[in-house]
Amino acid sequence: MGIARVVGLVALAAAQQAMAETPAAKGNAAIPVVVAAADDDTQAGGDTIVVTAARTVLPPNALPLTIDIIDKPVLDQQIAISGSITDAVATLTPSFSPTRGKLSGAGETLRGRSPLYAINGIPQTTPLRDGSRDGFTIDGFFIDRVELIYGSNALQGVGGTGGIVNQVTVGPPRTEGVSGRVLVQGSAADRFEDDSLGGKAAGLVQYKAGLFDATVGASYEKRGAFYDARGRRIGVNLTQGETQDSRALDLFGRFGLAVRPTGRLDLIVNRFALNGDGDDVALAGNRLRGLPTSSVRGHPGGKSAANRAEAVSLSYTDSDIGGGALTAQLFFNRTHDTFGRELTPIATFQDPAIAPVGTLLDQSENRSRKLGARASYERAVLGWEALVATIGFDSLFDRTEQRLIGTNRVWVPPSDFQNLAPFVQANLKLVDGLVRLAGGVRWENVKVRIDDYHTLASTTYDGRNPATYGGVSVKGGTPGFDQLLKNGGVIVEPMAGIRAYASYAEGFTMADIGRITRAVGTPGTDLGNFRAIDPVISNNREIGVEVKRGPLDASATYFWSSSDKGQLLIALSNENFQVQRQRVEIEGLEINLAVRMPIDGLRLSTGYAHIAGRYDSDTRAPDGVVDTDLDGTNISPDRLNAAADFARGPLSARVQTQVYFARTFHGKANPDPRNDFGGYTVTDASLRYQTKIGGLYLTAQNIFNRFYIDYNSDTRLPTDILNYYAGRGRSFTLGWDMRF
C-alpha cells in the first residue's frame, strides 16, 4: 500500500525537516519510508526517521496518536493516477471523504471534520474566511512525502479539528555537485477526445558546494476536460472553480546554509497559480433521469476561477544547543482565491441601486495575507533522563477580505486575526519503555478585529429566509477568545512491534467568520457580542492497537469526538454554503491490514473506515441533544480499500479498489431521502518499469469504466441540476521520470 502506519503526537514543524531528511529526499524514489516499532526507528538503509509532524525527535512508538506517512514513490504514483495531492490522500485514506474533483474542497472531511492543510508545518487554511482552496497551493512534484495526522489536536494551532495534512517539500541535496529530476507526462480520457488531452512537464536542479546548497524547480501542467464513463463531459462549476480544463504553473526554490556542525538555515520560496481556461459553461442535468450535469463550449464572462498562493519561509534547526534540539521558523503567505462568474445573476449580489434586480452579474475574490513565527526547544530533563520536555511558542497574524471584483463591493469585511499560543509537552518513559506517558497544554489566545461595515443589499441567509433585500449596518468589534487546551495519552508496548494506546486531545479552530459576517441580516448586530463567531472546540478520544511484526502490519483504532458548538456547512440553492453552529458528535472505527506474501515482491493490503455523526437540529432552541445524521457535506461514507502491490527488479505494479458503501440519513430534521447515497466502487491500476535512463509509467483511473454520481453531488440539494456531477470515467496517464 506504500503507507507506513505510525502513531504520533500531533503538531507540525517544518524546521525539523532538515533533521528528518531520508534518502527519498535525495531523489531516490525507490526507497520507501518504513517505520519500525522499536526506539531505534530506522529504515532499511539505517537512517533514523523523524516524523516532522510530531515536533519531537522521539520515535513514533513513543507517541499516542495515529499518523500515516505517504512516501515519495507512492505519492508520485497516486498523483499520476488521480492528478493532485488531495486526490492521492483521499484515495489512500478510508476515513477521508471522496474529493469533489473541483478546485474547491468545501465539504471534504477527515474523520468527519475539516482537515488542516500545511506545507512544512505552515498552515494553508485562511482562519477567518475559508475559501477551501488550501489543497491546491503547491504542485506535488515538489513534495517529498505527506504526513497525515488523524483527529483533533491543538498542538498544530488553529485548524485541523479533523486532522492535519502536512506536505513536506523536497529536501536539500546530500552529495556534492549537481543533481536533479525531470518529469514529462501526458493524459487522456478513455476515448482520447481532443479536449481531454493534458500534459505536464517539470524539472528540478539541485546543487551542493560545501556548506551551501540550492534547489530550484518549475512545473507546468495543462489539464484537459474530464469525461464520465458514458463518454459525456463532466459539468463545470463556474463559481467554485475547476481543476479540469485548467493550467497550473509552480515555481519553487530552497536555499540552505550549514552555519554550524549541528545547525542549518533554510530559505524556501514557492509560487503556485492555477487558472481555469474559462471557455466552458454548465449544461443542466436531470436527477429524475439520472442524467448528470455536463459542459458545453461557452463564455461566462468575467475572470475565470483561479487560485494563487505565494509563500516564503525561513527556518533554523539545531540538534544540539544546550543538550537539546531547537527549531525556529518565520513565514509569510499570500493567497488570492478568485471565484468565477455564473451566466445567470446570483440573488446574493443584486442591488437595485446599481442595476435592476435580476440583471447584475458579479463574482467574488478572497484575499489573504499571513505572517507568522514558530519556535520550540526539546531536551531531556536534567537528572531525569527518562523525561523529555518540549516548550514552544507560535504566533500567526492574518488579514482577510472577500470583495466583489466586478463592482468593488465588500462582501466579507476586512478582518484582522491575531493568534498567540505558548505550549509545553512532556513524555515520560517508564519500566524501560514498557509504558510511556505523554501530555501537555497549549494556551490559545485569539483576537479578531472587524471594522464597522454594511452588508450587501441582498444577504445570503438570515436563518429563515434564503434572501433578504436591504443591506444592514453592522457594528464591528474586537472579540477575543482564549482557551487552555489539554492533551494526554498512555502507550503500552509489551514487546517490540506490539503496542496499545489511549489518548485525549482538544482541538481548536475558528468558525468561518467570513461566511457568518457576510450573512448578518439583523440591523444593529454588534460583532463584539455575536456568539455565532465563537471558536469551535472539539474533544477527541482515541483507543488503538498496533501489530508490526514480520510480514504483518495491522492496526485498529476507535475514536469519538464532540463539540458543543460545532460548525456545519449547509448547502444553499445559489451554490454557496451557510454556516450553522450546533452540537456535533462523531464516532468511528478504522482498521488497516497489510501482509507481505510468500511470493517475492507481493504485498496485499486493505483498510476499512466506519464513521457516524449526528448533530442537534434544533437551531432556534438548541437542547444539546444530537438527533439528526450529518449529511454528505459534513461526513464521509463508510469505505473499504483493497490493494495489491508487486515490485521485483525494474518492474513495479499496483491495483487498488475503493468501495464506498451506501448510506441512508435519518433524524429529527427529516433529511430528504433523495439525498441518500447509493454507493459505488472504483478500481485503478499503475505499472512502472525502471530503466537506466529513467522510469516509464502508465496509470489508469477507473479501469472498469464504472459510471457513478460523486458522493458530494449525490447527497446535497436534490433539486440542483447544475451541480449534479458524475465521477470520472476511465482515463490514462503515460509518463517518464528521470533522476540525475
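Things worth noting here:
- Filtering segment 142-162 to residues that are touching a Ser or Thr at 6+ places or on another chain (Cβ under 8 Å) and closer than 18 Å to VAL441 by Cα leaves GLY151, SER152, VAL158, GLY159, GLY160, THR161.
- Residue match in segment 170-181 (condition: hydrophobic (A, V, I, L, M, F, W, C) and out of contact with any helix residue (DSSP H, G or I) (no Cβ under 9 Å at 6 or more places or on another chain)): yes
- Within the option set THR52, THR125, THR99, THR93, being in contact with a Leu (Cβ under 7 Å, 6 or more places away or on another chain), open to solvent by 20 Å² or more (accessible area, probe 1.4 Å) and modelled with pLDDT of 65 or more holds for one residue only, THR125.
- For ASP398, the conditions (1) in a strand (DSSP E or B); (2) surrounded by fewer than 17 Cβ atoms within 10 Å (Cβ to Cβ) are fulfilled apart from (2).
- Pick from segment 494-524, criterion over 27 Å from the mean Cα position of the chain (by Cα) and surrounded by 18 or more Cβ atoms within 10 Å (Cβ to Cβ), ranking: nearest to LEU437 (Cα to Cα): ARG499
- GLY285 meets all of the listed conditions (1) of a type in the set (Gly, Ala, Ser); (2) closer than 29 Å to PHE707 by Cβ; (3) surrounded by fewer than 18 Cβ atoms within 10 Å (Cβ to Cβ) but one, namely (3).
- Of all residues assigned to segment 70-78, at least one qualifies as being out of contact with any Ser or Thr (no Cβ under 8 Å at 6 or more places or on another chain), at pLDDT 90 or above, part of a strand (DSSP E or B) and under 30 Å from SER395 (Cβ atoms).
- Hits in segment 237-271 - residues which are open to solvent by 10 Å² or more (accessible area, probe 1.4 Å) and in contact with a Ser or Thr (Cβ under 6 Å, 6 or more places away or on another chain): GLN240, THR262, ARG264, ILE268
- Restricted to segment 686-740, and to residues there that are closer than 19 Å to GLN240 by Cα and of a type in the set (Ser, Thr, Tyr), the residue that is modelled with the lowest pLDDT is THR719.
- Restricted to segment 214-236, and to residues there that are among the basic types (Lys, Arg) and part of a loop (DSSP other than H, G, I, E, B), the residue that is most open to solvent (accessible area, probe 1.4 Å) is ARG230.
- The residue list ASP645, ASP629 contains one member that is acidic (Asp, Glu) and over 30 Å from GLY694 (Cα atoms), which is ASP629.
- Test: residue in segment 642-665 that is under 26 Å from SER563 (Cβ atoms) and out of contact with any Phe, Trp or Tyr (no Cβ under 9 Å at 6 or more places or on another chain): no
- Qualifying residue in segment 704-720 (condition: open to solvent by less than 40 Å² (accessible area, probe 1.4 Å), aliphatic (A, V, I, L, M) and over 24 Å from GLU108 (Cβ atoms)): no
- Within segment 693-718, residues that are over 19 Å from ALA90 (Cα atoms) and in contact (Cβ under 8 Å) with a residue 40 or more places away in the chain have Cβ atoms under 6 Å from residues that are of a type in the set (Lys, Arg) and assigned to a strand (DSSP E or B) in these pairs: GLY695/ARG688; TYR697/ARG688, counting only partners at least 6 apart in sequence or on another chain.
- Any strands (runs of 3 or more DSSP E) falling wholly within segment 293-345 and containing at least 2 residues that are within 29 Å of THR169 (Cβ to Cβ): 306-321, 324-338
- Of the residues making up segment 619-665, those that are surrounded by 19 or more Cβ atoms within 10 Å (Cβ to Cβ), in a loop (DSSP other than H, G, I, E, B) and not acidic (Asp, Glu) are VAL626, LEU630, GLY632, THR633, ASN634, ILE635, SER636, PRO637, PHE665.
- Residue within segment 398-412 that is out of contact with any Leu (no Cβ under 8 Å at 6 or more places or on another chain) and more than 30 Å from THR359 (Cβ to Cβ) present: yes
The values are calculated or read from the model by the stated rules, or taken from the named source; none is laboratory data. Worth saying up front: this structure is predicted, and the values here are computed from it rather than measured. Cβ sites come from the backbone with ideal geometry, for glycine too, and all protein chains shown count toward neighbours. Side chains included, ligands, DNA and RNA excluded: accessible areas come from the protein's heavy atoms. Shrake-Rupley method; radii C 1.70, N 1.55, O 1.52, S 1.80 Å.
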